[in-house]
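Asks: Mind having a look at this structure? Questions to follow.
Just so it is clear, none of the values below were taken in a lab; they were calculated from the coordinates. This one's a predicted model, so the numbers in the text were calculated from it and none came from an experiment. Using ideal geometry, Cβ is built from the backbone for each residue, glycine included, and neighbour counts are taken over all protein chains shown.
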Amino acid sequence: MPRERDAGLDGFERFLEEWSRRDFLKRSGGAVAFSLFLAGGMEAVLAACGGGAPAASQNVKKGGHLTEGTTSDPTTFNYAFAQDTASTIPIGMMFAPLLDEKADGTPIPALAKSVPKPSSDGLTYKFDLRQDAKWSDGHDLTADDVVFFYQIQYDPKYADLVNAPQAPDLKEKVKSVTAVDKYTVVMTLNQVYAPWIDNYCVAATPLPKHILQEVLDKAPKDFRNATYNFGPTVTSGAFTFGRWDKTSQVVLNANPKFYGGRPNLDQYVIKNAPDSIAIVNQLKTGELDVGGIDPSLWEDTATATNLNRIKFTGPGWEWYGYQVDPNNPKGRASGRIFSDKSVRQALYMAVDRQKLADRVYFKQAVPATSILPATSWALSSDVPKYQYDPSKAKAMLDAAGWAVGADGVRAKGGVKLAFDIITNQGNKTRESVVQVLAESWKAIGANATVKLITFSEYTKTRQTLDFDVVMGGITYAVDPSDINSMYEARFIGKSANRMGYRNSQVDDLLEKAVITTDRAKRKDLYVQVQKIVMEDMPVGPLVLTQSLWGINKRVQNFTPGPFNRFQARPWLKDVWVTDGK
Amino acid sequence: MLGRYVARRALVAVVVLLGVTVITFGLMHSTGGDYVPGVNYDNPHLRTETITAIRHEYGLDQPWWVQYGLWLWNVLHLDFGRSMIDGAPVTDHIVQRLPNTLELTVAAILFGVALSIPAGVVSALRRGERLDHSLTTMSVAGFAVPEFWLGLMVILLFGVIPAQRLGVPLLPTSGAYDPLAGGFDPLDRLTHLVLPAVVLGFAYLSVWSRFTRSSMLEVLSQDYVRTARAKGMGERRVVYVHALRNAITPLVTLVGLELPGLVSGGLVVEVVFGWPGIGRFAYERAIAFDYTTVMGITTFAAVLVVAGNLLADVLYAVLDPRVSYS
């Protein structure tokens with residue numbers, strides 16, 4: 001029975017029937033060629049219109065906004081509780097710090113009019129504050145606010161209830177922090193501590209005592225969860241709090257009353273993107289103006305028409321460590337394998353760190369030569385040098401008595417040169433690095449097995465020391481004393497000294513380097529430490545990573561450096577956008 | 001009779017909910033181990049005392065059944081606790097994000113329904129012809145294609161490539177609204193909704209169009225359709241007024257089955273498009289071992305599913321006299 005046919009559908013049907021494969025290829029080829037032509041044409045047009053970085057002499061435009069991308073959400077806006085850059089970036093914009101920081105980590109004045117030198121006995125620091133700083137509600141920012149910030153962390157009356165992350169350190173180091181007059185703060189330490197300014201005064205943000213004292217007194221144990229910490233109504237920095245759409249973005253507004261002068265931008269948005277790929281995509285679409293670029297995507301962004309890119313060597317240091325404590329009951333390998341220094345050194349020489357930097361870090365890293373990052377003033381080149389030399393490594397292992405067995409694995413006295421390498425799963429770079437390590441060591445006769453573990457198990461190994469070889473990465477702060485928790489025997493099982501490394505000479509040198517404030521003396525001590533540790537080799541320094549940034553071409557003066565890229569950003573108020581939008 | 005039936009079903013629902021919470025709790029804690037959420041383990045200054053203090057503050061040092069008991073007690077008082085990572089009440093988190101997820105999943109369902117009806121009908125009417133084959137192939141492909149891949153392709157096609165070639169993206173590729181606009185501009189919200197809703201709806205479309213097609217075919221072979229034609233009724237009227245109406249009833253059931261998925265179904269799309277929904281949030285917090293938040297969201301979703309099923313059971317019993325009360 002004939003059915004009525006829908007005319008429209010008929011046309012579509014005919015189209016499908018008549019559209020032969022040859023036609024398809026011809027036409028799609030033409031379409032592709034045409035769009036390429038269009039694309040090329042557009043680029044030519046844009047180039048002709050002078051698209052490119054504007055001349056430096058262009059006048060600064062006021063107004064507009066900037067959107068920065070991060071891959072995680074802030075957890076708090078109170079510096080006393082903040083531990084991650086997603087939180088410290090907005091904190092640094094909303095709160096004026098006691099001292100600010102240059103790109104190389106040198107402290108510079110901020111609320112404090114000058115960077116104080118310690119007293120002759122090295123125990124006291126006097127801060128003279130500027131007298132024109134105000135809170136956004138009009139109150140003066142005074143020494144009381146500075147004292148309040150420290151008090152909640154070291155004063156026994158509050159510290160154990162508030163439970164700030166830095167409290168254990170401050171309770172141990174600080175004798176008192178007092179307001180001598182309205183604009184003078186005196187800090188007295190229990191013992192000389194050279195990194196005091198760098199570690200606890202730079203980027204430290206006074207809190208509004210006139211708002212928070214009563215919040216604290218009402219419920220000190222709940223201070224961490226005070227509403228202020230998630231929406232600071234009263235701030236002191238270049239920007240004020242606009243709003244926080246959780247897991248989406250933080251919006252900050254310019255503070256016209258900022259003592260350093262109103263920022264050029266009207267608003268600043270810190271937008272949360274799901275991962276590094278999303279950040280690069282949004283940089284390309286323009287939904288983000290600024291964001292960090294993952295090393296694997298660096299080449300991909302080279303052709304982005306709307307981006308400038310910057311990179312610099314940051315304080316990142318990637319490493320692996322051996323379990324070297326012979327008395328460690330968990331150390332299957334340690335007592336019998338890694339107790340021999342020549343084994344540790346030989347294994348290190350079997351790793352091609354340059355290739356690691358080129359392939360796994362996509363050329364966005366350089367081989368490390370010591371236990372400090374490239375940014376450290378204490379970095380020494382007077383250390384034992386280890387070239388990539390697998391034949392020498394093999395010879396060293398032969399000489400140490402590790403003979404190659406029939407299965408290709410070396411053995412000595414019935415013990416095989418076999419061990420595990422652990423790192424946490426979920427970090428692609430680390431997973432690749434441990435594969436490279438395992439393969440490099442297999443090539444010289446060591447049977448290394450990769451074990452990827454959850455992050456919680458990985459962090460547990462700090463205490464249990466339950467591993468053979470561990471791989472990780474550290475971002476160091478300015479002061480070299482950050483390495484103490486990794487190489488001093490008293491931190492075994494308590495902090496970063498997972499390796500169980502003991503060297504009383506190193507302990508002595510590291511302690512001495514903290515109790516003198518003479519930079520030259522300190523450097524000399526650190527030079528000695530590096531020489532010893534690079535000989536002892538409880539760790540194998542791998543690479544130093546680059547910090548990579550994509551910046552939209554309309555953004556000017558966005559100039560992060562190794563130590564002022566996240567929280568301390570004294571250059572931020574001078575950032576401006578060429579279109580003023 | 002009905003009362004006893006409902007009571008029995010309700011009791012089963014409570015047992016199911018308890019089971020869900022116990023299993024979720026157990027799974028989280030057995031994988032989490034000693035890990036304390038919110039602590040920055042990469043900080044070289046981190047001390048064991050700090051970790052211990054925070055663990056104690058969160059009650060994580062107590063035996064798991066004590067922790068579960070305390071949590072359950074609080075939940076019965078409608079207190080879901082606070083997030084261990086950011087300290088905000090869990091219910092606040094849920095309330096802030098649930099509307100965004102609903103916006104996305106409802107839009108996806110509408111998109112799916114709106115397109116699968118014509119697709120299914122056309123396929124049925126042109127059964128065996130080239131149009132039918134093409135639509136079938138697209139359906140199968142659409143079902144086989146992973147959402148995240150489709151999402152990334154769509155981001156490239158409508159966002160990255162136009163932005164690089166023409167200077168501006170055709171559509172926004174992330175978020176539910178422009179940060180500066182504040183989320184109150186309906187047009188802004190709509191443009192942000194297009195890409196994720198289409199990607200999410202594509203999966204629905206693929207399945208539902210097939211269903212509509214077979215349902216339509218079945219209806220078209222029914223006696224009453226033949227009768228209508230025999231009476232001389234116009235083909236258009238037969239198909240679009242009588243047959244279609246009956247063919248889409250199974251579709252209603254299918255859409256109904258998706259109701260529990262309203263809360264959790266958009267997870268992959270939410271992550272790819274940075275959509276501020278509850279699925280993505282739960283996923284990120286699960287990775288970070290934010291115990292309280294994950295328990296809160298899982299329980300909430302479980303309550304919705306169980307309540308929905310309970311309601312459906314009771315309605316069937318009330319409406320359909322063939323259902324016995326046993």
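Asks: Work out how much length residue A:108 to residue A:308 would gain on full extension: take 0.36 nm times their residue separation and subtract the Cα-Cα distance, in nm to one decimal.
Replies: Values: separation 200, 0.36 × 200 = 72.00 nm, distance 2.83 nm.
Gain on extension, residue A:108 to residue A:308, equals 69.2 nm.
Asks: Need one number: % antiparallel among DSSP beta bridges in chain A, to the nearest 5. Show your work: numbers first, answer last.
Replies: Numbers: 59 of 78 bridges.
Around 75 percent of the beta bridges assigned by DSSP in chain A are antiparallel ones.
Asks: List the residues whose amide H sits under 5 Å from the amide H of residue A:420, counting only those 5 or more places along or on another chain, with H placed 1.01 Å from N in the peptide plane.
Replies: Long-range HN contacts for residue A:420: A:449, A:468, A:469.
Asks: Taking the beta-carbon count within 10 Å as an exposure proxy, list A:241, A:455 from fewest neighbours to most. Kindly include the intermediate steps, with their values, before the conclusion.
Replies: Values: A:241 23, A:455 17.
The most exposed by this proxy come first: A:455, A:241.
Asks: Treating the beta-carbon of each Lys and Arg as +1 and of each Asp and Glu as -1, no other charges, what is the dipole magnitude of segment A:341-462 about its Cα centre, to the nearest 20 debye?
Replies: On the way: 18 positive and 10 negative charges, 22 e Å.
Using only the charged Cβ atoms, the result is roughly 100 debye.
Asks: Among the lysines, select those whose C-alpha is under 18 Å from the C-alpha of residue A:412, and discard any that sit fewer than 8 residues away in the same chain.
Replies: A:341, A:394, A:442
Asks: Whole-Hz Karplus ³J(HN,Hα) for segment A:282-290, in order, using 6.51 cos²θ - 1.76 cosθ + 1.60 and θ = phi - 60°, x for Gly and Pro?
Replies: Using θ = phi - 60°, the values come out as 6, 5, 5, 7, x, 5, 10, 8, 9 Hz.
Asks: Another question, if that's okay. At a Förster distance of 60 Å, what's the computed FRET efficiency of residue A:511 paired with residue A:406, Cβ-Cβ distance as r, to 0.05? Working shown, then result.
Replies: Numbers: r = 49 Å, r/R0 = 0.82.
It comes to 0.75.
Asks: Here is a further query. Please give the direction-averaged projected area of the C-alpha convex hull for segment B:220-326, in square nanometres with one decimal. It would help to have the intermediate numbers written out before the result.
Replies: Working: hull surface 45.8 nm².
Taking a quarter of the hull surface, the average projection is 11.4 nm².
Asks: Quick one: work out Rg over Rh on the C-alpha atoms of the protein assembly as shown, Rh as Kirkwood radius. Write out the running numbers ahead of the final one.
Replies: Numbers: Rg = 32.2 Å, Rh = 31.6 Å.
Looking at the protein assembly as shown, the ratio lands at 1.02.
Asks: Can you show me the helix-derived [θ] at 222 nm for the protein assembly as shown, built from DSSP H runs with n ≥ 4 at -39,500 (n - 2.57) apiece and divided by the number of residues, rounded to the nearest 500. Mind dumping the intermediate values first?
Replies: On the way: 32 runs with 410 residues, N = 907.
Counting only the DSSP helices, I get -14500 deg cm²/dmol.
Asks: For segment A:357-492, just the Cα set please: Rg and Dmax, both in angstrom.
Replies: Using the Cα atoms of segment A:357-492, the pair Rg, Dmax is 17.0, 50 Å.
Asks: Count, for each residue of B:162-168, the Cβ atoms from other chains sitting within 10 Å of its Cβ, then give me the mean as a whole number. Each step should come with its number before you reach the end.
Replies: Values: counts 1, 10, 11, 9, 4, 6, 3.
Counting other chains' Cβ atoms within 10 Å and averaging over B:162-168 gives 6.
Asks: Give me the Kirkwood hydrodynamic radius of segment A:80-151, using the inverse of the mean 1/r over all pairs of distinct Cα atoms, in Å to one decimal.
Replies: Working: mean 1/r = 0.0721 Å⁻¹.
One over the average 1/r among Cα pairs gives 13.9 Å for segment A:80-151.
Asks: Under DSSP H, which helices of chain B have Cα atoms covering 30 Å or more of the helix axis and a Kyte-Doolittle average no less than 0.5? Walk me through the intermediate numbers first.
Replies: Details: long enough: B:2-32 (45 Å, 1.31); B:90-125 (51 Å, 1.22); B:186-220 (43 Å, 0.81); B:291-319 (41 Å, 1.70).
Once both thresholds are applied, what remains is B:2-32, B:90-125, B:186-220, B:291-319.
Asks: Give me the one-decimal nm value for the distance between modelled label points at residue A:521 and residue A:341, 7 Å along each residue's Cα-to-Cβ direction.
Replies: 2.8 nm
Asks: Could you give the length gained by full extension between residue B:218 and residue B:287, i.e. 0.36 nm per residue of separation minus their alpha carbon distance, to one decimal place? Numbers along the way, then the final one.
Replies: Details: separation 69, 0.36 × 69 = 24.84 nm, distance 4.69 nm.
Extending this stretch completely gives an extra 20.1 nm.
Asks: Then there's this: Using a 10 angstrom cutoff on alpha carbons, build the Gaussian network for chain B and name the most mobile of B:314, B:255, B:272.
Replies: With Cα springs under 10 Å in chain B, the top fluctuation among B:314, B:255, B:272 is at B:314.
Asks: Related question: Considering Cα pairs under 8 angstrom that are at least six residues apart, work out the relative contact order of chain A and quote it in whole percent. Walk me through the numbers on the way to the answer.
Replies: Details: 1127 pairs, mean separation 115.4, N = 581.
Relative contact order of chain A: 20 percent.
Asks: What are the ³J(HN,Hα) values, in whole Hz, obtained from phi via the Karplus relation 6.51 cos²θ - 1.76 cosθ + 1.60 with θ = phi - 60°, for each residue of segment A:385-401 in sequence order, with x given for Gly and Pro?
Replies: Those phi angles translate into 9, 10, 7, 6, 8, x, 5, 5, 4, 4, 4, 5, 5, 4, 4, 7, x Hz.
Asks: With viscosity set to 0.890 mPa s at 25 °C, what whole-number translational diffusion coefficient in µm²/s follows for segment A:129-207 from Stokes-Einstein and a Kirkwood radius over Cα pairs?
Replies: It comes out at roughly 186 µm²/s.
Asks: Also, I was wondering about something else. Rounded if a/c is under 1.5, else prolate if a/b is larger than b/c, else oblate: which is segment B:94-319, with a ≥ b ≥ c the root eigenvalues of its Cα gyration tensor?
Replies: Details: a/c = 2.49, a/b = 1.46, b/c = 1.71.
Oblate.
Asks: Sticking with this structure for a sec: Name the most mobile residue of B:313, B:34, B:223, meaning the one with the largest mean-square fluctuation, in a Gaussian network model of chain B with Cα contacts below 10 Å.
Replies: B:223
Asks: Given an 8 Å cut-off on Cα distances and at least 6 residues of separation, report the relative contact order of segment A:227-386 as a percent. Could you put the intermediate results ahead of the total?
Replies: Details: 163 pairs, mean separation 19.4, N = 160.
Taking the mean separation of contacting Cα pairs over the length of segment A:227-386, I get 12 percent.
Asks: What number comes out for the charge environment of residue A:63, summing +1 per Lys or Arg and -1 per Asp or Glu over other residues with Cβ under 13 Å away?
Replies: Details: positive: A:61, A:62, A:262, A:554, A:581; negative: A:266, A:579.
Local net charge: +3.
Asks: Further question: What is the distance, in nm, between label points placed 7 Å from the Cα along the Cα-to-Cβ direction at residue B:226 and at residue A:358?
Replies: Taking the two extended label points, one gets 7.7 nm.
Asks: Compute a Gaussian network model of chain B, connecting alpha carbons closer than 10 Å, and tell me which residue from B:104, B:152, B:180 fluctuates the most.
Replies: Maximum among the listed residues: B:180.
Asks: If you don't mind, there's one more thing I want to ask. Suppose a student asked you for the relative contact order of segment B:101-186, using Cα pairs under 8 Å spaced at least 6 residues apart; what percent would you report? Don't skip to the end; give the middle numbers.
Replies: Values: 28 pairs, mean separation 10.1, N = 86.
Computed over segment B:101-186, the figure is 12 percent.
Asks: Please give every one of the aspartates and glutamates within straight-line cross-link reach of residue A:385, meaning a C-alpha to C-alpha distance under 15 Å, and leave out same-chain neighbours fewer than 8 residues apart.
Replies: A:352, A:535, A:536
Asks: Report the calculated FRET efficiency for residue B:78 and residue B:307 (r = Cβ-Cβ distance, R0 = 22 Å), to the nearest 0.05.
Replies: 0.90
Asks: Give the Kirkwood hydrodynamic radius (Å, one decimal) of segment B:14-110, defined as one over the mean of 1/r across all pairs of different Cα atoms. Don't skip to the end; give the middle numbers.
Replies: On the way: mean 1/r = 0.0629 Å⁻¹.
For segment B:14-110, the Kirkwood estimate is 15.9 Å.
Asks: Beyond 22 Å, what share of the Cα-Cα pairs of segment A:452-537 is found? Please give it as a whole percent.
Replies: Details: 1088 of 3655 pairs.
Summing the P(r) of segment A:452-537 above 22 Å gives 30 percent of all pairs.
Asks: Okay, next question. Once the dipole of segment B:2-76 is set up with Lys and Arg at +1 and Asp and Glu at -1 on Cβ about the Cα centre, which of B:63, B:32, B:11 lies farthest towards its positive end?
Replies: Going by the Cα projections, it comes out as B:11.
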